[in-house]
Structure formats: C-alpha cells, structure tokens
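The values are calculated or read from the model by the stated rules, or taken from the named source; none is laboratory data. From a predicted model like this one, the values you see are computed outputs, not experimental measurements. Quick reminder, even Gly has a Cβ in these numbers, built from the backbone with ideal geometry, and neighbours come from all protein chains shown. These accessible areas exclude ligands, DNA and RNA; they are computed on the full protein's heavy atoms, side chains included. Shrake-Rupley method; radii C 1.70, N 1.55, O 1.52, S 1.80 Å.
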Amino acid sequence: METSLLHQLWHIINETQTKIVLELDDLNLVKYISIELGKKRILSFEEDNLVRCYIAAKIPLIRDLANARLWNF
C-alpha cells in the first residue's frame, strides 16, 4: 500500500467521530471508513479490497485510539 494512501487513511480514521468508531460494529466501521476514503480518493477494486482488509486488521487499534480520545477531553 502506498505511503500516501496510508497517510490519508489514518487521517480519516483520526478525524472520524469517536462515537462512530465506538458504536459501529466491525463490519460497518470498515465500510464507513472505506466509504469516507473513497470520497477523497478514487480507489481501484484491488486498492479497495486491500484497504478494507487493512482496516479490519487494525480495528482493535482504531478502537483503542478512539477510547484514548475520550480521556483527552
């Protein structure tokens, strides 16, 4: 995966409202983040699949970061 794609993906993850990250189930969170990325960047079928697999693998980290944001406010 390209560095710029990863950077853009994590930017979207960090901007996603904490409530959304914590309330959506895993499948819908993956879908939500990939749709948000698709709004900012055109992805090929292969890139979309790669991004979805990457997000799915990082769900625990994404949720941990969202929980950490709760404590920073």
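Residue-wise HN-Hα couplings along region 56-66, as the Karplus relation 6.51 cos²θ - 1.76 cosθ + 1.60 with θ = phi - 60° gives them from phi, are 4, 6, 9, 3, x, 5, 4, 5, 4, 5, 5 Hz; Gly and Pro carry x. Ignoring ligands, DNA and RNA, please state the percent of accessible area on the chain from carbon and sulfur, probe 1.4 Å. Taking all protein chains in place, the chain shows 59 percent carbon and sulfur surface. When the Cα positions of 29, 11, 50 are compared along the charge dipole of the chain, 11 comes out farthest toward the positive end, with charges on each C-beta of Lys, Arg, Asp and Glu. Here the Karplus curve 6.51 cos²θ - 1.76 cosθ + 1.60, taken at θ = phi - 60°, turns the phi angles of region 22-28 into couplings of 7, 8, 6, 6, 4, 4, 6 Hz, with x standing for Gly and Pro.
If contacts are Cα pairs under 8 angstrom and at least 6 residues apart, what is the relative contact order of the chain in percent? It rounds to 43 percent for the chain.
Loop-located GluC sites (Glu not before Pro) across the chain with a Cβ neighbour count of 16 or fewer within 10 Å are 2, with loop assigned by DSSP.
Per residue, the chain exposes 68 Å² of solvent-accessible protein surface, assessed with a 1.4 angstrom probe and all protein chains in place. For volume of the Cα convex hull per residue in Å³, one of (i) 101; (ii) 83; (iii) 123 was computed from the structure I shared and the rest are decoys. Which label? The calculated read-out lines up with (ii). Here the Karplus curve 6.51 cos²θ - 1.76 cosθ + 1.60, taken at θ = phi - 60°, turns the phi angles of region 38-51 into couplings of x, 6, 9, 8, 6, 10, 6, 4, 5, 4, 4, 4, 4, 4 Hz, with x standing for Gly and Pro.
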